[in-house]
Amino acid sequence: MAIDSKTLHSKLKEFFGFDSFKGDQEKIIEHLVSGKDAFVLMPTGGGKSLCYQLPALVMDGTAIVISPLIALMKNQVDAIRGFVSGNDGIAHFLNSSLSKAQLNEVREDLLSGATKLLYVAPESLTKAENTDMLKEIRISFYAVDEAHCISEWGHDFRPEYRRIRSIIDAIGPAPIIALTATATPKVQSDILKNLGIQDAKVFKSSFNRPNLYYEIRDKSDPKRDIIRFIRQNPGKSGIIYCLSRKKVEELAELLNINGIKALPYHAGLDARTRAENQDKFLMEEIDVIVATIAFGMGIDKPDVRFVIHYDIPKSLEGYYQETGRAGRDGGEGKCIAFYSYKDILKLEKFMQGKPVAEQEIGKQLLLETMAYAESNQCRRKLLMNYFGEDYTRDNCGACDNCLNPKKQFDGQEEMCLIIELIESMPEHFKTEHLANILAGESNALIKSYEQDKLELFGAGRDHSVRFWCDIIHQGIVRHFLEKDIESYGLIGVTDTGREFREHPYTIMLTGERQFAEGEDDDEDMPVQGVKAGGGGDQVLLEMLKKLRSDLSKKLHLQPWIIFGDPALEDMSITYPVSIEDLKNCQGVGEGKARKYGGEFISLISKYVEENEIERPDDFVVKSMGNPSSANKLYIIQGIDRKLSLEDIAAAKGLEMDELLTEIETIVAAGTKLDINYYISQTVDDDIVDEIYDYFKEEAASDSLQDAMNDLGQDYDEFEVRLVRIKFLCEVAN
Ligand code: ADP
Ligand code: ZN
């Protein structure tokens, strides 16, 4: 059927009201209406839908649109009915939500030839009654939307998608158009092969989105960073993605407490709440939506000004798709992702126990994400290369690495040292363990293996544990080292690694990242001037870290026990000059402020005076939920009287879990509680010692999450929490 360009243009105007086609749209449509298969790769916002909607309206027969987004089908159908008023039969959808009566209506319109577009979910397509019905009608073409769902290597694999070809064969042949907004070369070839359209013409637009800015931030204090960022961008719309529903709820609440209009969105909310929250975002009654990845598919809000990833995503494809929702109108779009290696470990943990093939794929995708996050190269270039596109400019001018290049050094000696260490030992160990050995930081585990007597113990003591962890990650990313996820991340050497050690060559690595523990005696950090980087006063921050490092040596305590990084960062922002001020910093209670605060306050006061700094006192992140003071008092008194925690919990109608949380809050605020009477009755002495030692000797912070990760599954969370409380009361607070 020949449809000329003039007709296409007039239909474009008639149905959609547009004067001209965007990008490759016209070429794609011409190709399709001439009866040939097409494969369309277009970034989000490129105008993919029109590539099948317009042909469907002008061609004979019904177009079958296969889409995984059941929730959006109705919207799409409504939109088309809107273009062609007075003819509701023109578009329908077929999915499990339809009633019998609705199904009959669809059937009638299909058989009478009234319907030009039929949206179907792949699982509905596989039902015999549906395929039988479709055999009776004339099909103009098949459109496979979100085609990356076909590939296991895509970020949203759906097994039903792999059956599309056989169903099409059963229904009857017609041209196929497959469309996606993200596909690596591997996913592309999977799609073509699986749909049996290897000869399809590929229409690939550039995926580069010049108006988007990419940045990866160290996840040392993401909540505070996010609040600060949003306050610096008042009134702008943004999406924040978290991996878990719990985090979504928590963060949305925290933002509200801090005066930011935000709502949650995730699959656990009922449909009505979800729809309401989404509408409020679209209508700009709220500025920020905090969501799991369930949000945003098909959302067309043109002026989303930032997309923040609170957690690093599982794949770069997912990441790119999600960042793509920023700046669709071509205006500003800031994409900030928080990265910590701990998150990678968490994601790896989720993979354990999955089928091996799936694990392999997941591991590979995660490794690529990690490589991206840790890279010092242009983010845009990395992304474009990942999607099989050349990007030749040296400096894109709109990513963190181009704007603030990281310091690099030739790391061949360091990498060889790690490989040598691993090869010298009969067993494999985890990253932190290897880093501890090289940095010469002994602990119980190292002693038990007598590794503190190894020749290489302390061979890299010029650098911190954190430095060595970073180098090991970079070794993994470069495939010198590999990590076995099934066995909890033990590190081995690859063939490439062995070859490298035999014939080393220059490799440019980055040193410690911005918020590393300040214990190394590297040449002095370049003075960056006040208010650089994370928004705090970097010069002051370095001075505070130095002070902490000195104190830590003097008191024989790990730095975090004195003050954690978040506390120091807060100090570098709020310039506390009294114990009262100091208590507003994160993780600093009364006890800690009095015990360790004196020298910090003097240092800051002097600094403030000398530099004539005007102290801001407006920026305090308000935290959520403090236990009611009645509970608090009862708990403190109950513990004083040595009541069992079970009794205290029962008396206040709390779950044990909730009681512990309250106790933790009390302790964090600086009150000392002695729960030894309870611990000695409920936890084995050896276990108490082991956990206690862990916090004293090994832990890099007081984080419970980290403790659970580091200690492994042999320890019960309840026990770890109890001992942590004991430790905080006796040593840290
Ligand atoms: P995608 O599915 O590729 O993310 P959409 O099909 O949702 O993109 O289109 C993105 C936006 O571009 C929509 O607002 C759509 O109305 C608009 N659009 C599509 N084609 C054209 C065109 N030819 N001219 C102007 N706007 C267009
Ligand atoms: Zn760049």
statement: Correct semi-axes for the stretch 98-177, from √(5λ) of the alpha-carbon gyration tensor and rounded to whole Å with the largest first, are 24, 14, 11
statement: For the pair S244 and V731, the simple spin-label estimate (label points 7 Å beyond Cα toward Cβ) gives in nm 2.6
query: Excluding same-chain residues fewer than 8 positions from K13, which aspartates and glutamates have a Cα within less than 14 Å of its Cα?
result: E26
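How would you rank 651-661, 157-167, highest first, on the average number of other Cβ atoms within 10 Å across their residues? It would help to have the intermediate numbers written out before the result.
Details: 651-661: 14.5, 157-167: 17.5.
Output ranking for 651-661, 157-167: 157-167, 651-661.
Say R0 is 45 Å: what FRET efficiency, to the nearest 0.05, do F350 and D4 get from their beta-carbon distance?
In this case the efficiency is close to 0.25.
Accessible area per residue of the chain at 1.4 Å probe, in Å²?
Details: 32720 Å² over 733 residues.
Accessible area per residue: 45 Å².
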statement: One would report the Cα pair-distance distribution of the stretch 5-204, bin width 10 Å, in %, as 9, 38, 38, 14, 0
- line: Given pairs K36/K354; K447/K483; K314/K453; K546/K672; K236/K349 and cut-off 30 Å on Cα-Cα distance, the over-length ones are K36/K354; K314/K453; K236/K349
statement: For the stretch 676-733, the accessible surface attributable to carbon and sulfur atoms (probe 1.4 angstrom, ligands and nucleic acids excluded) amounts in percent to 37
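With a 10 Å radius around each residue's Cβ, average the other Cβ atoms per peptide and rank 210-216, 445-451, highest first.
Details: 210-216: 19.1, 445-451: 14.3.
Sorting 210-216, 445-451 by mean packing, highest first, produces 210-216, 445-451.
Find how much the distance from K36 to K447 grows on full extension, using 0.36 nm per residue of separation minus their present alpha carbon separation; answer in nm with one decimal. Working shown, then result.
Working: separation 411, 0.36 × 411 = 147.96 nm, distance 6.91 nm.
The K36-K447 span can extend by a further 141.0 nm.
Given R₀ = 35 Å, what would the calculated FRET efficiency be for S703 paired with E389, taking r from the Cβ atoms and rounding to 0.05?
Efficiency, from the Cβ-Cβ distance: 0.35.
Please report the antiparallel percentage of the DSSP beta bridges confined to the chain, to the nearest 5. Each step should come with its number before you reach the end.
Details: 8 of 57 bridges.
Restricted to the chain, the bridges split so that about 15 percent are antiparallel.
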message: Suppose each label sits 7 Å from its Cα in the direction of the beta carbon; what would the T131-E108 distance come out to in nanometres?
response: 2.8
query: What do you get for Rg/Rh over the chain if you use C-alpha atoms and the Kirkwood form of Rh?
result: 1.01
query: Over the alpha carbons of the stretch 412-505, what is the largest minus smallest coordinate on each principal axis, giving the biggest first in Å?
result: 32, 31, 22
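Compute the FRET efficiency between E427 and Y505 as 1/(1 + (r/R0)^6), taking r as their Cβ-Cβ distance and R0 = 35 Å, and round to the nearest 0.05. Intermediate values should be presented prior to the final figure.
Numbers: r = 29 Å, r/R0 = 0.83.
Computed FRET efficiency for E427 and Y505: 0.75.
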- line: If amide H atoms are modeled at 1.01 Å from N in the peptide plane, then the residues at a separation of 5 or more from G333, or on another chain, having amide H under 5 Å from its own are Y213
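Take the solvent-accessible surface of the protein heavy atoms, probe 1.4 Å, and return the percent of it on the stretch 212-402 that carbon and sulfur atoms account for. Don't skip to the end; give the middle numbers.
Working: 3680 of 7350 Å².
Ligands and nucleic acids excluded, carbon and sulfur reach 50 percent.
Determine Rg/Rh for the stretch 330-449; Rg is computed over alpha-carbon atoms and Rh is the Kirkwood hydrodynamic estimate from the same atoms.
Working: Rg = 18.6 Å, Rh = 17.8 Å.
Result: Rg/Rh = 1.04.
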field: Pair D303, E285: separation of 7 Å Cα→Cβ label points (nm)
entry: 1.9
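Nearest 20 debye, what's the magnitude of the dipole of the chain about its Cα centre given +1 on Lys and Arg Cβ and -1 on Asp and Glu Cβ?
Details: 87 positive and 123 negative charges, 588 e Å.
Charge dipole of the chain: 2820 debye, to the nearest 20.
How big is D for the stretch 538-610, in µm² s⁻¹ as a whole number, if Stokes-Einstein is applied with the Kirkwood radius of its Cα pairs at 10 °C and 1.306 mPa s?
D, rounded to a whole number, is 134 µm²/s.
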- request: Could you pull out every one of the lysines with an alpha carbon less than 21 Å from that of K74, ignoring same-chain neighbours closer than 8 positions?
  value: K48, K100, K116, K127, K280, K301
Ranked packing of 709-716, 360-367, most packed first, by mean Cβ within 10 Å: 360-367, 709-716
message: Can you find, among M370, L345, N395, the residue sitting farthest towards the positive end of the charge dipole of the stretch 212-402, where Lys and Arg contribute +1 and Asp and Glu -1 at Cβ?
response: L345
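Where in the chain are the helices, taken as whole DSSP H runs, whose Cα atoms extend 24 angstrom or more along the long axis and whose Kyte-Doolittle mean reaches at least -0.5? Numbers along the way, then the final one.
On the way: long enough: 356-374 (26 Å, 0.01); 538-555 (25 Å, -0.18); 590-610 (29 Å, -0.67).
Span-like helices, by this rule, are 356-374, 538-555.
The values are calculated or read from the model by the stated rules, or taken from the named source; none is laboratory data. Just so it is clear, the structure is predicted and the values come from calculations on it, not from any experiment. Heads up, the Cβs are rebuilt from the backbone with ideal geometry, glycines too, and the neighbour counts pull from every protein chain shown. Surface areas here come from the heavy atoms of the whole protein model, side chains and all, with no ligands, DNA or RNA. Shrake-Rupley method; radii C 1.70, N 1.55, O 1.52, S 1.80 Å.
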